[in-house]
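The values are calculated or read from the model by the stated rules, or taken from the named source; none is laboratory data. All of these numbers come straight from a predicted model, not from anything done at the bench. Because the Cβ atoms are built from the backbone with ideal geometry, glycine has one as well, and the counts that use them run over all protein chains shown.
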Amino acid sequence: MPTVPVQRLEQICRSAVLAMGGSESAADDMVASLISANIEGMDSHGMLRLPSYASLVDKGLINPRAVPEVVRQDRAVTLLDGHWCFGQVGARVAARHAIAAAQEHGLGAAGIYHVLHVGRLKDFVQLVARQNMVGLAFCNATPVGGAVAPYRGARRRFGTNPLAFAVPRATGEPLVADFATSVSAEGKLRLAVNTRHAVPEGTLIDKNGNPTTNPKDFYDGGALLPMGAHKGYCLNLFIEIMGGLLVGAGCAPLVTQPSGNGFFIMALDVATMRPGDSFLSDLEELLAVVKATPAAPGQPPVLLPGEPEDAEREKRIKTGIPIDEETWTALKTMGDKLGLPPSLFTL
């Protein structure tokens, strides 16, 4: 796999978004989301996605010039129409509305519909937590027929439907958890296909409902499974309701054409519940106790959410980002279509 310097990937991403017709601000948002995903080892949500976004722009399914519009505002709650802007752009706008409302009322919430693929929810709850607030976000995905089977089911019904939490810390970046409620994100299956790897047992069923480890079976009518069996299924279902039905974005079992993501985010000012300093102090004490837990026999040390990503970030900033051959070829093909300088793809 080629290893690409971080700055080069940033140049490719920025140049591509601008060539698609996006604004400088949109390019900033897309670089922030896609490159940070690659830097932290979440390649399924990084530059792998950019060629598909360019294709969606060509098809008129993403409007790179669109500006999210407030369609309803009631006290601390805002609802936005994304007008099919880049999903990462729309979700950041929603997060900023939730933050502004929480700064005024102590608690704020925002939802947005008509956006395609908002990417990692971490980016948006992290924005909230950097303002000394607690962030909570839900996102439903609405491919026709879904991607995830309900517990005991043999057919797709739901999206991968991630959720994310973030809290501020006294010692640096917020503590963040961000994960799909399926066993795997769909992008990780795409990456597994590109790199010709099997997926772990318990991730997929094929189109006949039988267990499989071949990621290609998903794209041949199979389905992802919910994480944690019935518990993940329940989370997935409620995110269809919160991220989809509540904001008016639809939900996978009911749509007849793809309707992108529905995104809902809440922000809570810590100071409305208790003094911020004492909360942060107690949080650090809690995390220290958790980290001090002895490892089980044969297991590595206990980690906090985000620590694997922090380690990968430190490494990749120094050494560059490995890009699988399929993705690199797709990026070069996209660059040709957009008229980007060939030198961007010369390593």
Worksheet item: How many residues does segment 179-201 hold that are of a type in the set (D, E, K, R), over 17 Å from Arg156 (Cβ atoms) and touching a Phe, Trp or Tyr at 6+ places or on another chain (Cβ under 9 Å)?
Response: 0
Practice prompt. Take segment 160-182 and flag every residue that is over 20 Å from Leu268 (Cα atoms) and among the small types (Gly, Ala, Ser).
Written response: Ala180, Ser182
Discussion item. Considering only residues that are loosely packed, with under 10 Cβ neighbours inside 10 Å and either in contact with an Asp or Glu (Cβ under 8 Å, 6 or more places away or on another chain) or not aliphatic (A, V, I, L, M) (or both), which ones fall in segment 286-297?
Written reply: Thr293, Pro294, Pro297
Worksheet entry | Residue that is at negative phi, in contact (Cβ under 8 Å) with a residue 40 or more places away in the chain and part of a loop (DSSP other than H, G, I, E, B), where the choices are Ala164, Ala198, Ala154, Ala177 | Ala154
Worksheet item: Which of the residues that make up segment 59-68 are out of contact with any strand residue (DSSP E or B) (no Cβ under 7 Å at 6 or more places or on another chain) and in contact (Cβ under 8 Å) with a residue 24 or more places away in the chain?
Response: Arg65
Worksheet item: Do we have any residue at all in segment 253-272 that's touching a helix residue (DSSP H, G or I) at 6+ places or on another chain (Cβ under 6 Å), closer than 30 Å to Gln131 by Cα, without any contact (Cβ under 8 Å) to a residue 40 or more places away in the chain and in the same structural domain as Gly119 (by TED's automatic domain parsing)?
Response: no
Item to complete: Considering only residues that are under 20 Å from the mean Cα position of the chain (by Cα), more than 19 Å from Gly90 (Cβ to Cβ) and among the polar types (S, T, N, Q), look in segment 1-54 and name the one that is modelled with the highest pLDDT.
Response: Asn38
Worksheet entry | The one condition in (1) touching a Pro at 6+ places or on another chain (Cβ under 9 Å); (2) over 23 Å from Thr272 (Cβ atoms); (3) not assigned by TED's automatic domain parsing to the domain that holds Arg316 that Ala94 fails to fulfil | (2)
Item to complete: State whether the residues of segment 207-220 include one that is among the hydroxyl-bearing types (Ser, Thr, Tyr), more than 17 Å from Thr160 (Cβ to Cβ), without any contact (Cβ under 8 Å) to a residue 40 or more places away in the chain and outside any helix (DSSP H, G or I).
Response: yes
Worksheet entry | Selection within segment 221-232 - in a loop (DSSP other than H, G, I, E, B) and closer than 14 Å to Pro150 by Cα | Gly222, Leu225, Met227, Gly228, Ala229
Response to the item:
Over segment 26-60, the set of residues of a type in the set (D, E, K, R) and assigned to a helix (DSSP H, G or I) is Asp28, Asp29, Asp43, Arg49, Asp58
Practice prompt. Exactly one condition in (1) buried (at least 22 other Cβ atoms within 10 Å of the Cβ); (2) part of a strand (DSSP E or B) is not met by Ala91; state its number.
Written response: (2)
Practice prompt. From Gln73, Gln7, grab the single residue that is touching a strand residue (DSSP E or B) at 6+ places or on another chain (Cβ under 9 Å) and polar (S, T, N, Q).
Written response: Gln73
Worksheet item: In this structure, does Ala249 turn out to be modelled with pLDDT under 95 and assigned to a loop (DSSP other than H, G, I, E, B)?
Response: yes
Worksheet item: So, in segment 261-292, of the ones that are assigned to a loop (DSSP other than H, G, I, E, B) and among the hydrophobic types (A, V, I, L, M, F, W, C), which residue ends up nearest to Ile112 (Cα to Cα)?
Response: Met273
Worksheet entry | Some residue of segment 5-25 being acidic (Asp, Glu), closer than 21 Å to Pro342 by Cα and part of a helix (DSSP H, G or I) | yes
